[in-house]
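Here is the structure we will look at, set down as structure tokens.
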Amino acid sequence: MESERQVAVITGAASGIGRGIAEEAGRRGMTVILLDVDSGPLAEVEEAFRQRQVQVEARKMDVTDGAAMDALAADLFERHGRVDYLFNNAGVLVAGQTWERSVDDWRWIYEVNVMGVVNGVRAFVPRMIAANRPAWVVNTASMGGLRSAPMVGPYCASKFAVVGLTESMEYEFQAMGLPLKAAVLCPGEVSSGIYKSERIRPEKFAEHGAALGEQASAFMDRLNANNETAMAPEAVGRYVFQALEEDRFYLLPHPEQMSRVKQRIDIMFAGGRPAPM
């Protein structure tokens with residue numbers, strides 16, 4: 001049976017950008033599917049939505065589990081008959097010198113930030129194609145996917161990957177004449193818990209790299225300080241849906257930071273060397 005309401009699926013929905021997107025989806029009268037690995041905050045968000053009469057479902061979900069994502073997609077399409085918005089948003093961050101990060105640091109970031117997106121795409125997109133209706137696949141990257149920064153090498157590498165795979169997917173949607181559209185969200189600083197990702201690190205990725213040195217610690221202190229004055233997640237959510245209505249592919253809620261992206265491109269064309277920005 002096909003739902004009359006539009007359906008939005010959001011990973012990493014218990015906090016930060018994911019919750020901001022979910023808030024806007026609920027405000028727009030959609031059925032909101034909240035997915036997150038952090039069950040406590042997830043239950044709190046679900047209850048808050050129910051109190052406001054938002055049509056909501058919450059599932060504890062590890063996006064690195066491709067089989068679980070596929071089972072979820074099958075269940076949602078069976079019950080709702082549609083998914084109009086898929087937000088592959090879950091992400092984690094590990095800081096420190098690139099060469100001092102452990103293999104588990106790298107594996108954890110890539111399993112969540114890259115393979116989490118891949119698992120969402122593989123589970124939902126074939127069913128969205130079969131439904132043959134207009135729909136959006138929005139993958140969260142970062143300004144760190146358009147320009148690099150020191151002390152977050154694994155994170156930036158993962159976000160560059162998300163930008164590339166989303167561009168490729170959009171090319172494919174167009175080439176096949178599908179009613180689906182892709183978009184990549186590249187925010188700057190947003191008030192969220194990503195700088196405290198260690199709270200949800202699973203045992204299977206438990207080996208940490210070297211302790212943060214003085215430079216890396218100072219870098220993380222700056223990020224945490226900026227977190228208090230960064231863009232509110234709700235503002236990002238409003239921006240995202242407005243940008244989709246305007247048919248944008250690159251979703252850039254911090255346009256003032258694009259000058260740094262241009263600086264990177266200018267250096268590239270000049271044959272120069274990357275410089276911290």
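A short reminder: the numbers here are calculations on the coordinates, not readings from a lab. Worth saying up front: this structure is predicted, and the values here are computed from it rather than measured. Ideal geometry is used to build each Cβ from the backbone, glycine not excepted, and the neighbour counts take in all protein chains shown.
Through the Karplus equation 6.51 cos²θ - 1.76 cosθ + 1.60, θ set to phi - 60°, convert the phi angles of the stretch 23-39 into ³J(HN,Hα) values in whole Hz; use x for Gly and Pro.
Calculated HN-Hα couplings, in order: 4, 5, 4, x, 4, 8, x, 7, 7, 10, 9, 8, 10, 6, 7, 9, 5 Hz.
Over the stretch 1-133, what is the relative contact order in percent, taking alpha-carbon pairs closer than 8 angstrom and at least six residues apart?
Once normalised by length, the contact order is 28 percent.
Quote the relative contact order of the stretch 73-226 in percent (integer), defining contacts as alpha-carbon pairs under 8 Å separated by 6+ residues.
The value is 33 percent.
Provide the per-residue ³J(HN,Hα) series for the stretch 85-102, in order, calculated from phi with Karplus coefficients 6.51, -1.76, 1.60 and θ = phi - 60°, each as a whole number of Hz, with x at glycine and proline positions.
Whole-Hz 3J(HN,Hα) from phi for the stretch 85-102: 9, 10, 10, 7, 10, 4, x, 9, 9, 10, 9, x, 4, 3, 6, 9, 6, 6.
If a/c stays under 1.5 just call it rounded; otherwise compare a/b with b/c (prolate if a/b is bigger, oblate if not). Do that for the stretch 219-277, with a ≥ b ≥ c from the square roots of the Cα gyration tensor eigenvalues.
oblate
By count of other Cβ within 10 Å, fewest leading, how are Arg19, Arg199 ordered?
Fewest-to-most Cβ neighbours within 10 Å comes out as Arg199, Arg19.
Translational D (Stokes-Einstein, µm²/s) of the stretch 130-277 at 4 °C and 1.567 mPa s when Rh comes from the Kirkwood sum over C-alpha pairs?
Value of D from the Cα-based Kirkwood radius: 74 µm²/s.
Please give the peptides 263-272, 102-111, 9-18 ranked by average Cβ packing (other Cβ atoms within 10 Å per residue), highest first, as a rough proxy for protection.
Packing proxy ranking, top to bottom: 9-18, 102-111, 263-272.
Roughly what % of Cα-Cα distances in the chain sit above 25 Å, to the whole percent?
44 percent
Which ordering of Leu34, Leu251 is given by a fewest-first count of other beta-carbon atoms within 10 Å?
Sorted ascending by nearby Cβ count, the order is Leu251, Leu34.
Test of understanding: what is the full-extension gain from Ile267 to Glu2, defined as 0.36 nm times their sequence separation minus their Cα-Cα distance?
In short, 90.3 nm is gained.
Explain nothing, just the number: dipole magnitude of the stretch 170-235 about its Cα centre with +1 on each Lys and Arg Cβ and -1 on each Asp and Glu Cβ, in debye rounded to the nearest 20.
120 debye
Find how much the distance from Gln51 to Val103 grows on full extension, using 0.36 nm per residue of separation minus their present alpha carbon separation; answer in nm with one decimal.
My answer for the length gained is 14.4 nm.
How much mean residue ellipticity at 222 nm does the chain get from its helices, if each DSSP H run of length 4 or more adds -39500 (n - 2.57) and you divide by all residues, to the nearest 500 deg cm²/dmol?
-15500 deg cm²/dmol
Please list the three semi-axes, largest first and in whole Å, of the ellipsoid equivalent to the stretch 1-155, using sqrt of 5 times the eigenvalues of its alpha carbon gyration tensor.
Here the semi-axes work out to 28, 17, 14 Å.
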